[in-house]
1. Just checking, does the range 209-224 include any residue being closer than 26 Å to residue 73 by Cβ, touching a strand residue (DSSP E or B) at 6+ places or on another chain (Cβ under 8 Å) and surrounded by fewer than 22 Cβ atoms within 10 Å (Cβ to Cβ)?
2. From the set of residues in the range 102-124 that are exposed (fewer than 14 other Cβ atoms within 10 Å of the Cβ) and in a helix (DSSP H, G or I), which is modelled with the lowest pLDDT?
3. Could you tell me whether the range 94-101 includes any residue that is surrounded by 21 or more Cβ atoms within 10 Å (Cβ to Cβ), out of contact with any strand residue (DSSP E or B) (no Cβ under 8 Å at 6 or more places or on another chain) and closer than 25 Å to residue 52 by Cα?
4. Return yes when residue 201 is part of a helix (DSSP H, G or I), in contact (Cβ under 8 Å) with a residue 12 or more places away in the chain, touching a helix residue (DSSP H, G or I) at 6+ places or on another chain (Cβ under 9 Å) and within 17 Å of residue 332 (Cβ to Cβ) and no when it is not.
5. Check the range 168-179 and report whether any residue there is farther than 30 Å from residue 75 by Cβ and either modelled with pLDDT of 95 or more or assigned to a strand (DSSP E or B) (or both).
6. Filter the range 62-95 for residues that are farther than 26 Å from residue 328 by Cα, in a loop (DSSP other than H, G, I, E, B) and in contact with a helix residue (DSSP H, G or I) (Cβ under 8 Å, 6 or more places away or on another chain) and give the result.
7. Criterion first (more than 24 Å from residue 287 (Cβ to Cβ) and either in the same structural domain as residue 96 (by TED's automatic domain parsing) or in contact (Cβ under 8 Å) with a residue 60 or more places away in the chain (or both)) does residue 224 satisfy it?
8. Can you say whether residue 233 is at pLDDT 95 or above and either surrounded by fewer than 19 Cβ atoms within 10 Å (Cβ to Cβ) or farther than 30 Å from residue 291 by Cα (or both), as far as the supplied structure shows?
(Lines give C-alpha, C1' and ligand atoms only; values in the text may rest on other atoms or scores of the structure.)
Protein backbone atom coordinates (compact mmCIF):
# COMPACT_ATOMS: atom_id res chain seq x y z
CA UNK A 1 0.00 0.00 0.00
CA UNK A 2 1.41 3.39 -0.98
CA UNK A 3 1.00 6.58 1.05
CA UNK A 4 -2.28 8.39 0.60
CA UNK A 5 -4.25 5.15 0.52
CA UNK A 6 -3.31 4.21 -3.06
CA UNK A 7 -2.75 0.55 -3.81
CA UNK A 8 0.37 -0.61 -5.62
CA UNK A 9 -0.09 -2.68 -8.78
CA UNK A 10 -0.64 -6.38 -8.11
CA UNK A 11 2.64 -8.28 -7.77
CA UNK A 12 3.36 -11.26 -10.03
CA UNK A 13 2.91 -14.67 -8.40
CA UNK A 14 5.46 -17.29 -9.25
CA UNK A 15 7.06 -14.93 -11.74
CA UNK A 16 3.90 -14.77 -13.87
CA UNK A 17 1.32 -12.04 -14.06
CA UNK A 18 -2.25 -12.95 -13.08
CA UNK A 19 -4.80 -13.50 -15.80
CA UNK A 20 -7.54 -10.88 -15.95
CA UNK A 21 -10.30 -13.22 -14.63
CA UNK A 22 -8.03 -14.27 -11.76
CA UNK A 23 -7.11 -10.66 -11.08
CA UNK A 24 -10.77 -9.63 -11.00
CA UNK A 25 -11.52 -12.47 -8.60
CA UNK A 26 -8.71 -11.46 -6.25
CA UNK A 27 -9.71 -7.80 -6.40
CA UNK A 28 -13.31 -8.72 -5.58
CA UNK A 29 -12.13 -10.67 -2.54
CA UNK A 30 -9.91 -7.78 -1.52
CA UNK A 31 -12.80 -5.34 -1.83
CA UNK A 32 -14.98 -7.56 0.34
CA UNK A 33 -12.27 -7.79 2.99
CA UNK A 34 -11.77 -4.02 2.95
CA UNK A 35 -15.51 -3.48 3.36
CA UNK A 36 -15.54 -5.79 6.38
CA UNK A 37 -12.55 -3.98 7.86
CA UNK A 38 -14.23 -0.64 7.29
CA UNK A 39 -17.37 -1.88 9.02
CA UNK A 40 -15.28 -3.04 11.97
CA UNK A 41 -13.52 0.31 12.26
CA UNK A 42 -16.61 2.47 11.63
CA UNK A 43 -19.58 0.22 12.47
CA UNK A 44 -21.83 3.09 13.45
CA UNK A 45 -22.42 4.88 10.17
CA UNK A 46 -25.12 2.42 9.08
CA UNK A 47 -26.76 2.70 12.51
CA UNK A 48 -26.87 6.49 12.30
CA UNK A 49 -27.96 6.81 8.68
CA UNK A 50 -31.03 8.82 7.72
CA UNK A 51 -33.77 7.08 5.73
CA UNK A 52 -33.13 7.15 1.98
CA UNK A 53 -33.26 10.60 0.46
CA UNK A 54 -33.75 12.49 3.72
CA UNK A 55 -31.44 15.24 4.94
CA UNK A 56 -29.30 17.50 2.81
CA UNK A 57 -26.17 17.34 0.68
CA UNK A 58 -24.46 20.48 1.98
CA UNK A 59 -21.48 20.20 4.34
CA UNK A 60 -21.87 21.28 7.95
CA UNK A 61 -22.02 25.03 8.45
CA UNK A 62 -22.88 25.76 4.80
CA UNK A 63 -26.03 27.81 4.13
CA UNK A 64 -28.36 28.03 2.38
CA UNK A 65 -29.11 24.33 2.70
CA UNK A 66 -31.91 22.20 1.32
CA UNK A 67 -33.36 19.38 3.43
CA UNK A 68 -35.72 16.56 2.57
CA UNK A 69 -37.90 15.27 5.43
CA UNK A 70 -41.12 13.24 5.92
CA UNK A 71 -43.40 16.08 4.75
CA UNK A 72 -41.38 17.37 1.82
CA UNK A 73 -38.41 19.64 1.22
CA UNK A 74 -37.35 22.81 3.03
CA UNK A 75 -34.81 25.49 2.18
CA UNK A 76 -32.99 27.07 5.12
CA UNK A 77 -31.41 30.30 3.86
CA UNK A 78 -29.01 31.01 6.75
CA UNK A 79 -27.77 29.53 10.00
CA UNK A 80 -30.79 29.50 12.35
CA UNK A 81 -30.55 31.62 15.48
CA UNK A 82 -34.20 31.68 16.60
CA UNK A 83 -35.56 28.16 16.52
CA UNK A 84 -38.90 26.90 17.77
CA UNK A 85 -39.38 23.25 18.79
CA UNK A 86 -42.75 21.54 19.04
CA UNK A 87 -41.59 18.20 20.46
CA UNK A 88 -39.99 17.45 23.80
CA UNK A 89 -37.36 15.29 22.12
CA UNK A 90 -36.44 18.21 19.88
CA UNK A 91 -35.62 20.56 22.75
CA UNK A 92 -33.29 17.84 24.07
CA UNK A 93 -31.62 17.47 20.67
CA UNK A 94 -31.23 21.23 20.17
CA UNK A 95 -29.62 21.66 23.59
CA UNK A 96 -27.31 18.72 22.94
CA UNK A 97 -26.11 20.57 19.83
CA UNK A 98 -25.54 23.80 21.77
CA UNK A 99 -28.70 25.65 20.67
CA UNK A 100 -31.34 26.98 23.09
CA UNK A 101 -34.76 27.41 21.41
CA UNK A 102 -36.66 30.67 21.76
CA UNK A 103 -39.92 28.77 22.23
CA UNK A 104 -41.12 25.25 22.99
CA UNK A 105 -44.24 23.22 23.71
CA UNK A 106 -44.75 21.04 26.77
CA UNK A 107 -46.22 17.74 27.86
CA UNK A 108 -49.53 18.23 29.67
CA UNK A 109 -48.93 18.93 33.32
CA UNK A 110 -45.16 19.35 32.84
CA UNK A 111 -42.83 22.30 32.35
CA UNK A 112 -41.09 23.20 29.11
CA UNK A 113 -38.07 21.10 30.04
CA UNK A 114 -37.34 18.29 32.48
CA UNK A 115 -35.07 18.27 35.51
CA UNK A 116 -32.54 16.08 33.69
CA UNK A 117 -32.09 18.85 31.09
CA UNK A 118 -31.81 21.49 33.80
CA UNK A 119 -29.01 19.43 35.34
CA UNK A 120 -27.26 18.64 32.07
CA UNK A 121 -27.38 22.24 30.80
CA UNK A 122 -27.17 24.20 34.04
CA UNK A 123 -25.08 26.91 32.38
CA UNK A 124 -28.01 27.65 30.04
CA UNK A 125 -30.61 27.92 32.80
CA UNK A 126 -31.35 31.64 32.22
CA UNK A 127 -31.99 31.06 28.50
CA UNK A 128 -34.08 27.98 29.24
CA UNK A 129 -36.24 29.92 31.65
CA UNK A 130 -36.67 32.66 29.04
CA UNK A 131 -38.16 30.29 26.45
CA UNK A 132 -41.69 31.13 25.37
CA UNK A 133 -44.41 28.65 26.32
CA UNK A 134 -46.14 27.63 23.07
CA UNK A 135 -48.81 25.45 24.66
CA UNK A 136 -49.30 21.70 24.64
CA UNK A 137 -47.30 19.71 22.13
CA UNK A 138 -50.47 18.23 20.60
CA UNK A 139 -51.95 21.70 19.91
CA UNK A 140 -49.26 24.37 19.67
CA UNK A 141 -50.23 28.05 19.66
CA UNK A 142 -49.55 29.13 16.06
CA UNK A 143 -50.08 32.83 16.81
CA UNK A 144 -47.54 32.70 19.64
CA UNK A 145 -45.09 30.97 17.30
CA UNK A 146 -45.47 33.74 14.71
CA UNK A 147 -44.90 36.43 17.33
CA UNK A 148 -41.47 34.97 18.10
CA UNK A 149 -40.30 35.59 14.50
CA UNK A 150 -38.45 32.26 14.30
CA UNK A 151 -36.04 31.44 11.49
CA UNK A 152 -36.55 27.66 11.88
CA UNK A 153 -39.50 25.62 13.18
CA UNK A 154 -39.20 21.94 14.09
CA UNK A 155 -42.20 19.62 14.39
CA UNK A 156 -42.76 15.87 14.16
CA UNK A 157 -44.96 13.77 11.91
CA UNK A 158 -46.12 11.36 14.61
CA UNK A 159 -48.08 13.99 16.52
CA UNK A 160 -48.71 16.94 14.19
CA UNK A 161 -50.27 16.85 10.74
CA UNK A 162 -49.57 18.23 7.29
CA UNK A 163 -52.06 21.09 7.50
CA UNK A 164 -50.17 22.49 10.49
CA UNK A 165 -46.90 22.04 8.59
CA UNK A 166 -48.28 24.18 5.77
CA UNK A 167 -49.38 26.90 8.19
CA UNK A 168 -46.03 26.90 9.97
CA UNK A 169 -44.12 26.97 6.67
CA UNK A 170 -45.73 30.33 5.94
CA UNK A 171 -44.15 31.67 9.15
CA UNK A 172 -40.61 30.24 8.78
CA UNK A 173 -38.76 27.29 7.22
CA UNK A 174 -40.21 24.19 8.87
CA UNK A 175 -38.51 20.81 9.14
CA UNK A 176 -40.46 17.69 10.13
CA UNK A 177 -38.88 14.80 12.03
CA UNK A 178 -40.46 11.35 12.37
CA UNK A 179 -41.33 11.38 16.08
CA UNK A 180 -41.84 8.49 18.56
CA UNK A 181 -39.08 7.14 20.76
CA UNK A 182 -37.85 4.47 18.40
CA UNK A 183 -36.83 7.16 15.86
CA UNK A 184 -34.79 9.31 18.24
CA UNK A 185 -31.49 8.75 16.43
CA UNK A 186 -32.65 9.57 12.90
CA UNK A 187 -34.61 12.54 14.26
CA UNK A 188 -31.47 13.80 15.99
CA UNK A 189 -29.53 13.57 12.72
CA UNK A 190 -32.25 15.33 10.74
CA UNK A 191 -32.50 18.15 13.26
CA UNK A 192 -28.71 18.45 13.33
CA UNK A 193 -28.64 18.61 9.54
CA UNK A 194 -31.09 21.53 9.64
CA UNK A 195 -28.74 23.36 12.01
CA UNK A 196 -25.65 22.54 9.95
CA UNK A 197 -24.29 20.34 12.75
CA UNK A 198 -24.62 16.81 11.35
CA UNK A 199 -21.02 15.89 12.24
CA UNK A 200 -21.57 16.86 15.87
CA UNK A 201 -24.61 14.60 16.07
CA UNK A 202 -22.78 11.71 14.42
CA UNK A 203 -19.90 12.05 16.89
CA UNK A 204 -22.36 11.97 19.80
CA UNK A 205 -24.02 8.83 18.44
CA UNK A 206 -20.67 7.17 17.78
CA UNK A 207 -19.72 7.62 21.44
CA UNK A 208 -23.15 6.46 22.55
CA UNK A 209 -22.98 3.21 20.55
CA UNK A 210 -19.38 2.55 21.58
CA UNK A 211 -20.24 2.95 25.26
CA UNK A 212 -23.31 0.72 24.89
CA UNK A 213 -21.19 -2.03 23.34
CA UNK A 214 -18.57 -1.69 26.07
CA UNK A 215 -21.25 -2.01 28.75
CA UNK A 216 -22.89 -4.98 27.01
CA UNK A 217 -19.66 -6.98 27.24
CA UNK A 218 -20.05 -7.12 31.02
CA UNK A 219 -23.16 -9.32 30.89
CA UNK A 220 -22.76 -10.84 27.43
CA UNK A 221 -22.80 -14.44 28.70
CA UNK A 222 -25.81 -13.98 31.00
CA UNK A 223 -27.82 -10.93 29.93
CA UNK A 224 -30.48 -9.98 32.50
CA UNK A 225 -34.11 -9.32 31.58
CA UNK A 226 -35.30 -5.73 32.07
CA UNK A 227 -38.71 -4.10 32.32
CA UNK A 228 -39.78 -0.47 31.85
CA UNK A 229 -42.86 0.64 33.77
CA UNK A 230 -44.61 4.03 33.92
CA UNK A 231 -47.67 5.17 35.85
CA UNK A 232 -49.16 8.47 34.74
CA UNK A 233 -52.61 10.09 34.55
CA UNK A 234 -54.41 7.00 35.82
CA UNK A 235 -52.63 4.63 33.43
CA UNK A 236 -49.91 2.11 34.18
CA UNK A 237 -47.96 0.99 31.15
CA UNK A 238 -45.22 -1.47 30.32
CA UNK A 239 -42.97 -0.31 27.48
CA UNK A 240 -41.96 -2.72 24.75
CA UNK A 241 -38.92 -3.42 22.62
CA UNK A 242 -39.76 -0.67 20.12
CA UNK A 243 -40.03 2.05 22.77
CA UNK A 244 -37.35 4.62 23.53
CA UNK A 245 -36.03 2.87 26.65
CA UNK A 246 -36.62 -0.55 25.06
CA UNK A 247 -34.40 0.31 22.11
CA UNK A 248 -31.61 1.42 24.43
CA UNK A 249 -31.92 -1.84 26.35
CA UNK A 250 -31.37 -3.66 23.06
CA UNK A 251 -28.24 -1.58 22.45
CA UNK A 252 -27.00 -2.76 25.84
CA UNK A 253 -27.57 -6.41 24.90
CA UNK A 254 -30.30 -6.84 27.52
CA UNK A 255 -33.30 -9.10 27.04
CA UNK A 256 -37.03 -8.67 27.68
CA UNK A 257 -39.47 -11.02 29.39
CA UNK A 258 -41.65 -12.99 26.99
CA UNK A 259 -44.76 -10.96 27.89
CA UNK A 260 -43.01 -7.73 26.89
CA UNK A 261 -41.87 -8.67 23.39
CA UNK A 262 -44.83 -6.97 21.75
CA UNK A 263 -44.69 -4.67 18.72
CA UNK A 264 -46.50 -1.68 20.25
CA UNK A 265 -44.61 1.08 22.01
CA UNK A 266 -46.40 0.20 25.26
CA UNK A 267 -49.29 -1.77 26.71
CA UNK A 268 -51.60 -0.81 29.58
CA UNK A 269 -51.75 -3.14 32.55
CA UNK A 270 -54.05 -3.17 35.57
CA UNK A 271 -52.94 -3.61 39.18
CA UNK A 272 -54.11 -7.23 38.92
CA UNK A 273 -51.70 -7.82 36.03
CA UNK A 274 -48.67 -6.13 37.56
CA UNK A 275 -46.77 -9.41 37.39
CA UNK A 276 -46.47 -8.79 33.63
CA UNK A 277 -44.01 -6.05 34.54
CA UNK A 278 -41.70 -8.45 36.35
CA UNK A 279 -38.13 -9.07 35.20
CA UNK A 280 -34.64 -9.33 36.67
CA UNK A 281 -34.68 -5.52 36.80
CA UNK A 282 -37.57 -3.03 36.74
CA UNK A 283 -37.03 0.66 35.92
CA UNK A 284 -40.19 2.49 36.99
CA UNK A 285 -41.40 6.07 37.09
CA UNK A 286 -44.56 8.04 37.74
CA UNK A 287 -45.91 11.49 38.49
CA UNK A 288 -47.20 12.70 41.82
CA UNK A 289 -48.37 9.75 43.86
CA UNK A 290 -48.62 7.41 40.86
CA UNK A 291 -45.18 5.88 41.38
CA UNK A 292 -45.91 5.31 45.06
CA UNK A 293 -49.29 3.87 44.04
CA UNK A 294 -47.61 1.19 41.94
CA UNK A 295 -45.28 0.33 44.79
CA UNK A 296 -48.28 0.08 47.13
CA UNK A 297 -49.98 -2.55 44.97
CA UNK A 298 -50.38 -5.94 46.73
CA UNK A 299 -48.54 -7.64 43.86
CA UNK A 300 -45.52 -5.30 43.97
CA UNK A 301 -43.62 -7.01 46.83
CA UNK A 302 -44.15 -10.40 45.18
CA UNK A 303 -42.23 -9.44 42.02
CA UNK A 304 -38.80 -11.03 41.58
CA UNK A 305 -37.13 -7.72 40.85
CA UNK A 306 -38.60 -6.12 43.98
CA UNK A 307 -37.58 -9.05 46.20
CA UNK A 308 -34.04 -8.83 44.80
CA UNK A 309 -33.95 -5.02 45.35
CA UNK A 310 -33.69 -4.58 41.60
CA UNK A 311 -36.63 -2.18 41.22
CA UNK A 312 -35.14 1.21 40.36
CA UNK A 313 -37.07 4.49 40.50
CA UNK A 314 -36.00 6.59 37.50
CA UNK A 315 -36.51 10.03 35.97
CA UNK A 316 -39.94 10.21 34.32
CA UNK A 317 -38.99 12.76 31.65
CA UNK A 318 -35.75 11.13 30.55
CA UNK A 319 -37.07 7.55 30.40
CA UNK A 320 -40.65 8.00 29.20
CA UNK A 321 -41.60 11.52 28.10
CA UNK A 322 -38.62 12.61 26.00
CA UNK A 323 -36.86 10.94 23.12
CA UNK A 324 -33.67 12.90 22.65
CA UNK A 325 -29.94 12.25 22.79
CA UNK A 326 -29.30 13.59 26.29
CA UNK A 327 -32.24 11.54 27.58
CA UNK A 328 -30.78 8.50 25.80
CA UNK A 329 -27.43 9.03 27.48
CA UNK A 330 -29.21 9.36 30.84
CA UNK A 331 -31.11 6.10 30.26
CA UNK A 332 -27.98 4.29 29.08
CA UNK A 333 -25.92 5.39 32.08
CA UNK A 334 -28.71 4.75 34.61
CA UNK A 335 -29.45 1.22 33.38
CA UNK A 336 -25.80 0.23 32.92
CA UNK A 337 -24.83 1.62 36.32
CA UNK A 338 -27.68 -0.16 38.12
CA UNK A 339 -27.06 -3.56 36.53
CA UNK A 340 -23.28 -3.35 36.57
CA UNK A 341 -22.85 -2.10 40.12
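The values are calculated or read from the model by the stated rules, or taken from the named source; none is laboratory data. A quick note: this is a predicted structure, and the numbers were derived from the prediction, not measured. Note that each Cβ is placed from the backbone with ideal geometry, even for glycine, and that neighbours are counted across all protein chains shown.
1. No, because not a single residue in the range 209-224 is closer than 26 Å to residue 73 by Cβ, touching a strand residue (DSSP E or B) at 6+ places or on another chain (Cβ under 8 Å) and surrounded by fewer than 22 Cβ atoms within 10 Å (Cβ to Cβ).
2. 115
3. yes
4. Yes; evaluated as a whole, the condition is true for this residue.
5. No, the conditions are met nowhere in the range 168-179.
6. Correct list: 79 only.
7. Against the criterion (more than 24 Å from residue 287 (Cβ to Cβ) and either in the same structural domain as residue 96 (by TED's automatic domain parsing) or in contact (Cβ under 8 Å) with a residue 60 or more places away in the chain (or both)), residue 224 qualifies.
8. No.
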